[in-house]
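The values are calculated or read from the model by the stated rules, or taken from the named source; none is laboratory data. Just so it is clear, the model here is predicted, and its values are computed rather than measured. Glycine gets a Cβ as well: all are built from the backbone with ideal geometry, and neighbour counts include every protein chain shown.
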Amino acid sequence: METSVQRKRGETEYLALYPKYRRETSALIKWLHTNTRSLDTESIGDYLIFLKDCGYAPRSYNLKLTAIKESLRWVFDQSTDSMDMGKKMQLEAFLKTLKPYKIQSIAISDDKVLSREEVDLLRASVTLRLGIIISFLYHTGLRISELTGIRLDDIRENGAYDYIQILGKGNKIREIKCRRELMDQIRDEFNGSVYLFESEVWRQGNEGGRPLSRHNVSKAITKAGLKYLDREISAHTFRHSFATRLIGEGKNIKGVSGYLGHSSVKTTLDLYVHDSLELGDLPV
């Protein structure tokens, strides 16, 4: 590295000409000037220690590291040493020692998604009430807390579908839809007076108006998954299955993200666009 870039006072000024990652390279230049350092391997190593001590998040640190590596390559390519393959190999060997933080992927793997056949088997094996809940989760992609929070006055009828106003994370309101046939089945079975999914136990000897317990529903789904599918699942598994199915069918990624109530499209991409599902294959 020390022989791959010019080691002189004007070196950092030349680095300022690097056309990409302006903010990151400017921060490096400022640190070098403040500490009266040259652009060499020791200084780069110390600067990376400085960045780690600053407590940057792994993704932010990795971006800064990428900027450093690319800018050093650019400076080398502009130097008189650019055709010296020995010096170029020294530079690349040094850059390989600069390791990024490993970031655990949040992508949803296949073992967290159910096929339609598995969902059908599960629905056919459990009680009618639990089967209806599973159908609703699978066809709407709702979180269990969103399901139990639906009030009857959140629903409006429109043709073959009922449209439901959902209060999601961060108190964000969005609207989803569900087939009228399934909604009528839910009304007939749960007979809620305030909530769409209302507790039957609470109504015995009491007035209605208490939603189903999220904990009890989740527990019943996990138990059913182990018993009938021989795998561990949760209520959220149907949300993952819903999203994966839509994206696999080529649905608009922005539309899917908004429908799920994600804070940004990036969340949807990080979770569901991976391996066989590539962003370039999807309409955006």
- Is it true that some residue in segment 120-142 is assigned by TED's automatic domain parsing to the domain that holds E189, among the aromatic types (F, W, Y) and either under 13 Å from I186 (Cβ atoms) or part of a strand (DSSP E or B) (or both)? yes
- Query: Which pairs do you get when a residue that is assigned by TED's automatic domain parsing to the domain that holds L15 and assigned to a helix (DSSP H, G or I), found in segment 75-92, comes within reach of a residue that is buried (at least 17 other Cβ atoms within 10 Å of the Cβ) and aliphatic (A, V, I, L, M), reach meaning Cβ atoms under 6 angstrom, with the pair 6+ apart or on two chains?
  - Reply: V75/V5; V75/L15; F76/V5; F76/L91; L91/M1
- Would you tally the residues in segment 164-176 being within 19 Å of R187 (Cβ to Cβ) and buried (at least 16 other Cβ atoms within 10 Å of the Cβ)? 3
- Do you know which residues across segment 159-193 are part of a strand (DSSP E or B), modelled with pLDDT of 90 or more and farther than 20 Å from Y138 by Cβ? Q165, I173
- What is the residue count in segment 213-249 for residues that are closer than 25 Å to T268 by Cα and either outside any helix (DSSP H, G or I) or among the aliphatic types (A, V, I, L, M) (or both)? 10
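Within segment 30-41, track down each residue that is at pLDDT 85 or above and more than 14 Å from I68 (Cβ to Cβ).
H33, T34, N35, T36
Is it the case that some residue within segment 211-228 is in the same structural domain as F136 (by TED's automatic domain parsing) and touching a strand residue (DSSP E or B) at 6+ places or on another chain (Cβ under 9 Å)?
Checked against the condition, which is being in the same structural domain as F136 (by TED's automatic domain parsing) and touching a strand residue (DSSP E or B) at 6+ places or on another chain (Cβ under 9 Å), segment 211-228 yields at least one hit.
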- Task: Would you point out the residue of segment 143-157, among those that are touching a residue at least 12 places away in the same chain (Cβ under 8 Å) and part of a helix (DSSP H, G or I), that is nearest to S199 (Cα to Cα)?
- Result: T148
- Query: in contact with an Asp or Glu (Cβ under 7 Å, 6 or more places away or on another chain), outside any helix (DSSP H, G or I) and more than 29 Å from T267 (Cβ to Cβ) - does that describe any residue in segment 40-63?
  - Reply: yes
- segment 69-84 - residue that is modelled with pLDDT of 85 or more and touching a helix residue (DSSP H, G or I) at 6+ places or on another chain (Cβ under 6 Å) and, of those, nearest to P100 (Cα to Cα): K69
- Identify all residues within segment 50-98 that are surrounded by fewer than 18 Cβ atoms within 10 Å (Cβ to Cβ) and among the small types (G, A, S); write none if there are none. G55, A57, S60, S79, S82, G86, A93
- Task: Only one of these is modelled with pLDDT of 90 or more and surrounded by 14 or more Cβ atoms within 10 Å (Cβ to Cβ): L246, L229. Name it.
- Result: L229
